[in-house]
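All of the numbers you see were taken from the coordinates with simple rules; none came from a lab. Every value quoted in this text rests on a predicted model; they were computed, and no experiment measured them. Cβ placement follows ideal geometry from the backbone for every residue including glycine, while neighbour counts extend to all protein chains displayed.
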Amino acid sequence: MKERAKFFVIQMGRMGDVVQSLPLLKRLRDEKFPCEITLLCIREPAQLLGSVVPVDRFVSIPYGYYKKLRSRENPSTGLRFLLEIAELRESYDLVINLTHDLLAASLCYNIRSRKKSGLVQDREGRVSLEGDWGKYLFSVATDRNNRAQNLINLVDIHIGMGGLRHQAMEKWLETGEEEEQSAEELLVEHGWKRRGKLVAFQMGANQPHRAWPVGHFARLGETLTDHPDVETVLLGAPGESGLGEEFLRKAPIPAVNLIGKSRVSELPAILTKCDLLVSNDTGTAHIAAAVGTRVLGLYFSTAFFGETAPFGGGHVVLQVETECTPCLKDRCQETWCRDYLCVEAVQASAKRMLFGRTEPLSEFPNLSIYESRFLSNGTLIYLPAAEKISERYQNAFLNRILWENALGLEHDEKFLA
């Protein structure tokens, strides 16, 4: 009988980061069976996604507590606390560290395993990067210029860090019949008429400078619902209720307002009822992609499509490209760059996705439109949807080809052509 492999995955990010880790966890489960997977993560996402994450054991830590441990002047104190957890004292075949901070790197070093992947920091404070994909992840995530040159999706990087071959994945988060029935009842209860196509708007973001203006969403909703068979639904957390109220004041249209009226654990089933999600770079966008709902992503400020665009074929991202984008995390509080993400561009892209329109896309200053598909080597790529290809994308394309050689990926000849 085949010996059971043991994997330990460190993912201390937010909801979107956890969702982007699910393909790796699912592939480990499918390809390395029989195996045991332990996931160390922040408690809040674990509580929300616990029933659908393909792992055997959760080790979860409240975000506030982990942040406090991470910020201590002496990180070894926080490390000692965490190493008291029983699962962290076991031995594993592979530890995969998907997190970039030094506390996670020290944990990765101290967990006994035959092999490690990702950022590692030893007892003397020496930092190393284990595995080619781990080196690539860290270089992309910590430098703005490297991010601008990156065309390899974060999910594909995670899968590479797990030592797995890449393959196309669609609808990799399952929902049950009862969950979908409850979602349908919730939508009807709040005004869904089931007339035709349902478009969801995620207007909030974890930081204000990452959010497209509510007034722009209102204009978009008004234009889309000119079509008699289109309805809109507003999604968001309870703390974003003001966004829904502002939308309803500015848009003279009926809308199904679920902001603060549904749990995040209900989001996957709700999104299966939607034909399209228009969203900032959020966890909601990644959940939609995971259940097979097409996403129109609005990317500017710190968001950059090459790294965190929705995983799966047929998604579209509008990316603002200025001299200073993409910003590094939390360093930019400006909002002027989102002015390039005009309502007209979003309207045109949404109509193409909903109604299959084929007229050429207009060109907009400092804005590029990309659409996703899988390459023959199993990895995802976002391709320019307009005839004009930015110089930045051309440089990133060459960078990707060189990295495919270094990372052992076969080239897709059509992509090269």
>> So, R0 is 41 Å and r is the distance between the beta-carbons of Asp132 and Cys342; what FRET efficiency does that work out to, to 0.05?
In response: 0.55
>> Over the chain, what is the relative contact order in percent, taking alpha-carbon pairs closer than 8 angstrom and at least six residues apart?
In response: 14 percent
> DSSP loop trypsin sites (Lys or Arg not before Pro) in region 104-138 with at most 10 other Cβ atoms within 10 Å of their Cβ, which ones?
Replying inline: Arg123, Arg126
> Counting Lys and Arg as +1 and Asp and Glu as -1, each charge on the Cβ, what is the dipole of region 133-217 about the Cα centre in debye, to the nearest 20?
Replying inline: 680 debye
> Hey, what did region 177-389 get for relative contact order, percent, Cα under 8 Å, at least 6 apart?
Replying inline: 18 percent
>> Only four residue types carry charge here, +1 at the Cβ of Lys and Arg and -1 at the Cβ of Asp and Glu. Report the dipole size of the chain about the Cα centre in Debye, rounded to the nearest 20.
In response: 900 debye
> Picking from Ser301, Pro23, Tyr66, whose Cα lies most toward the positive end of the charge dipole for the chain (charges on Cβ: Lys, Arg +1; Asp, Glu -1)?
Replying inline: Tyr66
> Put +1 on the Cβ of every Lys and Arg and -1 on every Asp and Glu Cβ in the chain; which of Ala183, Leu243, Leu103 then has its Cα farthest towards the positive end of the dipole?
Replying inline: Leu103
> Using the reciprocal of the averaged 1/r over all distinct C-alpha pairs, how large is the Kirkwood radius of region 102-190 in Å?
Replying inline: 16.2 Å
> Using a ≥ b ≥ c from the Cα gyration tensor of region 236-335 (square roots of the eigenvalues), is it rounded, prolate or oblate, where a/c under 1.5 gives rounded and otherwise the larger of a/b and b/c decides, a/b for prolate?
Replying inline: oblate
>> Quick check: residue separation of Lys414 and Lys193 times 0.36 nm, minus the Cα distance between them. What number comes out in nm?
In response: 75.2 nm
> How large is the charge dipole for region 5-130, taken about the Cα centre, if only the Cβ atoms of Lys, Arg (+1) and Asp, Glu (-1) carry charge, to the nearest 20 debye?
Replying inline: 100 debye
>> Checking the a/c ratio against 1.5 first, then a/b against b/c, what shape does the Cα gyration tensor give for region 5-130?
In response: oblate
>> Can you show me the helix-derived [θ] at 222 nm for the chain, built from DSSP H runs with n ≥ 4 at -39,500 (n - 2.57) apiece and divided by the number of residues, rounded to the nearest 500.
In response: -11000 deg cm²/dmol
> At each listed q (0.07, 0.09, 0.12 Å⁻¹), what is the log10 of I(q)/I(0) that the Debye formula gives for the chain modelled as equal alpha-carbon point scatterers?
Replying inline: -0.33, -0.56, -1.00
> What per residue convex hull volume, in Å³, comes out for region 177-389 when only alpha-carbon positions are used?
Replying inline: 129 Å³
>> Multiplying the sequence separation of Gln181 and Phe33 by 0.36 nm and subtracting their Cα-Cα distance, what value in nm do you get?
In response: 50.1 nm
>> Rounded, prolate or oblate for region 224-263? Axes are the square roots of the Cα gyration tensor eigenvalues, ordered a ≥ b ≥ c, and the cut-off for rounded is a/c under 1.5.
In response: oblate
> For region 153-265, what is the relative contact order in percent, using Cα pairs closer than 8 Å and at least 6 residues apart in sequence?
Replying inline: 25 percent
